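First the structure, in the form of structure tokens, and then the observations on it.
Read the figures in this text as sums done on the coordinates, not as results from a lab. Note that the structure is a prediction, hence the values are computed from the model and not measured. Note: ideal-geometry Cβ built from the backbone for every residue, glycine included; neighbour counts use all protein chains shown.
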Amino acid sequence: MTQQVGTPRRRDALSNRAAILRAAAAAFSKRGRAVDVREIARCAGVGMGTLYRHFPSKDALIETLVAESYAHWVEAARRSARTRPNAWEALAAFIADALTYQRRDRALLENLAATTDSAGLSGCRKYLGPLVAELVAAAHAEGALRAGVGPDDVLGLLAALGRLVELDLPADTVSRCLDIALAGLRHGPALDA
């Protein structure tokens, strides 16, 4: 009898957690970290106690959402890389797609923009590091990437581009800066001399 009573609670708990994550994802992606958790609980249809049972702090909730956002981004980037004609195109598309992800998800943008401190860069490395290392190694093996460029350089570039998005600059300005950055990464005799 105890198991029968416990099973609905577990399902209810999973449902509540999912509702909290959906509400938080919608709120944080639009407005970033400034959203109050009371608003998230209200939108999820749960009380504050339920929210805090699943996520003991606002930071824990944000960390979970950011981790999920990065996981989706990495999965999409891996799929995209397989469709590209070469390693340079895969790396360039990944960097360009970063702007799309950052525009769409304010919490992800704020996390990437925070890479100017050691905690932010550590988080960025944790989520994106393995994929970026693979893309960089493949582009080097192809001979398309400028000598000396490593994964941390690409992660730093993602953070810098995130700042452009965060400043809400016109799309053509951001696009031009992206083109300049990609040209700087590309292997060429004048750059590698």
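Once both labels are positioned 7 Å from their Cα atoms along Cα-to-Cβ, the gap between His187 and Arg79 label points is 3.0 nm.
Calculate, for Arg104 and Ala60, the FRET efficiency according to 1/(1 + (r/R0)^6) with r their C-beta to C-beta distance and R0 22 Å; round to the nearest 0.05. Computed FRET efficiency for Arg104 and Ala60: 0.45.
Name the shape class, rounded, prolate or oblate, that the alpha-carbon gyration tensor gives for region 132-171, where a ≥ b ≥ c are the square roots of its eigenvalues, rounded holds for a/c under 1.5, and otherwise prolate holds if a/b is larger than b/c and oblate otherwise. Prolate shape, in that a/c is at least 1.5 and a/b is the bigger ratio. Annotation for Leu14 and Glu89: the two label points, set 7 Å from Cα along the Cα-Cβ direction, are 4.1 nm apart. Annotation: amide H-H contacts under 5 Å for His187 (H modelled 1.01 Å from N, sequence separation of 5 or more, or interchain): Leu145, Arg146. Label separation (Lys30 vs Glu166): 2.3 nm, computed from points 7 Å beyond Cα along the C-beta direction.
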